[in-house]
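Read the structure below first, then the notes.
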Amino acid sequence: MLCKMAIYIRNKLYTYLIYLLLLKKKSYIKISFTSTSLPILLRNIDKIGTNVYIGNNARIGISRSATLIIKDGTQINDNLEISCNSFIEIGENVLIGRNVFIGDNIHNYERIYQPIIKQQLSMGGKTIIEDDCWIGTGSCVLKDVVIGKHSIVGANSVVTKDIPPYSVSVGIPAKVVKKYDFEKERWIKI
Ligand SMILES: CC(C)(COP(=O)(O)OP(=O)(O)OC[C@H]1O[C@@H](n2cnc3c(N)ncnc32)[C@H](O)[C@@H]1OP(=O)(O)O)[C@@H](O)C(=O)NCCC(=O)NCCS
């Protein structure tokens with residue numbers, strides 16, 4: 001009981017410290033956020049840029065040796081879930097809708113006689129969302145994908161493979177439906 005209380009108080013202190021450090025650089029995570037690894041998030045705080053906003057109920061899980069980068073000017077709306085076991089980078093001026101999941105790992109499930117919850121998370125994944133992207137509400141961005149610069153992911157999409165820059169992708173799995181044509185200077189339906 002005492003131990004649980006101590007952890008609760010420690011976590012509250014970490015949360016306020018993260019909050020204050022972010023406010024110093026005009027970035028902001030709504031205070032209701034939770035993290036499975038607050039001390040590690042605190043060590044990664046220099047990798048969160050200026051003018052970054054993360055809305056209510058963000059849940060950020062980050063492993064000891066992992067890197068989470070969120071660059072300047074990025075806005076993430078409520079109910080974000082990040083599962084960062086190796087490397088996740090969100091570029092500058094990215095707009096992310098509500099209820100979005102971004103991960104760089106999966107639960108290993110190979111061993112059928114062991115519950116999946118007891119099998120380790122995969123390591124070594126890399127998930128990158130480049131500058132100026134817009135990720136629609138309810139989308140999932142899975143491990144080992146790069147979403148190219150200024151691309152759009154439609155609402156409720158699941159991104160399982162790389163998305164080229166200057167494109168619009170929708171669906172499960174997300175597929176390109178529009179691309180910007182630099183010669184015609186307009187978006188073209190595919
Ligand atoms: C992706 C999006 C931006 C595309 O808008 P658009 O450029 O006007 O594209 P269109 O409406 O011409 O759609 C192109 C095709 O993709 C389909 N499509 C669009 N969005 C889709 C989605 N989220 N899921 C599945 N299909 C979708 C359209 O039905 C259309 O298909 P068709 O060619 O067979 O008719 C928009 O549909 C969307 O999902 N916006 C996200 C909204 C959101 O999450 N807002 C939160 C604010 S942060």
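The values are calculated or read from the model by the stated rules, or taken from the named source; none is laboratory data. Keep in mind that what you see is a predicted model, and the values were worked out from it rather than measured. Positions of Cβ are generated from backbone atoms using ideal geometry, with glycine treated the same way; all protein chains shown enter the neighbour counts.
Taking the stated definitions as given, is Y109 touching a helix residue (DSSP H, G or I) at 6+ places or on another chain (Cβ under 6 Å) and more than 16 Å from the ligand (Cβ to nearest atom)?
So Y109 fits the description; yes.
For region 1-51, name all the residues that are touching a Ser or Thr at 6+ places or on another chain (Cβ under 9 Å), surrounded by fewer than 15 Cβ atoms within 10 Å (Cβ to Cβ) and free of Cβ contacts under 8 Å to residues at least 24 places away in the same chain.
The answer is I31, K47.
Would you point out which residue out of I188, I117 is under 26 Å from A66 (Cα atoms), of a type outside the set (F, W, Y) and not in a loop (DSSP other than H, G, I, E, B)?
Criteria check complete, one pass: I117.
Out of all the residues in region 52-78, which are under 22 Å from I7 (Cα atoms) and buried (at least 19 other Cβ atoms within 10 Å of the Cβ)?
A58, I60, G61, I62
Taking into account only those residues within region 92-106 that are more than 20 Å from A155 (Cβ to Cβ) and out of contact with any strand residue (DSSP E or B) (no Cβ under 6 Å at 6 or more places or on another chain), which is modelled with the lowest pLDDT?
Going through the qualifying residues, I end up with I106.
Tell me, which residue of region 125-141 that is more than 13 Å from the ligand (Cβ to nearest atom) and in a loop (DSSP other than H, G, I, E, B) is surrounded by the fewest Cβ atoms within 10 Å (Cβ to Cβ)?
D131
Within the set of pairs 6 or more residues apart or between chains, which connect a residue that is touching a residue at least 24 places away in the same chain (Cβ under 8 Å) and under 10 Å from I135 (Cα atoms) inside region 91-112 to a residue that is within 9 Å of the ligand (Cβ to nearest atom) and part of a loop (DSSP other than H, G, I, E, B) with Cβ atoms less than 6 Å apart?
Sorted first by the residue in region 91-112, then by its partner, the pairs are G97/N77; G97/G136; G97/T137; R98/N77; R98/T137; V100/S139.
For (1) of a type in the set (F, W, Y); (2) modelled with pLDDT of 90 or more; (3) in a helix (DSSP H, G or I), each residue gets a yes or a no:
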site	(1), (2), (3)
I7	no, no, yes
Y14	yes, yes, yes
L23	no, yes, yes
S32	no, no, no
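Go through V158, V153 for me and flag whichever is hydrophobic (A, V, I, L, M, F, W, C), free of Cβ contacts under 8 Å to residues at least 24 places away in the same chain and in contact with a Cys (Cβ under 6 Å, 6 or more places away or on another chain).
V158
What is the residue count in region 79-102 for residues that are crowded, with 22+ Cβ neighbours inside 10 Å and outside any loop (DSSP other than H, G, I, E, B)?
The number of residues fulfilling the criteria is 7.
Looking at (1) within 13 Å of the ligand (Cβ to nearest atom); (2) over 14 Å from I129 (Cβ atoms); (3) of a type outside the set (A, V, I, L, M, F, W, C), which one does T74 not meet, given that it meets all the others?
Every condition holds for T74 apart from (2).
Scan region 146-190 for residues that are among the polar types (S, T, N, Q), within 15 Å of I129 (Cβ to Cβ) and either in contact with a helix residue (DSSP H, G or I) (Cβ under 6 Å, 6 or more places away or on another chain) or within 11 Å of the ligand (Cβ to nearest atom) (or both) and jot them down.
Correct list: S151, S157, S167, S169.
Residue under question is L41, and the condition is that it be more than 23 Å from R98 (Cβ to Cβ) and part of a helix (DSSP H, G or I); does it hold?
So L41 fails the test.
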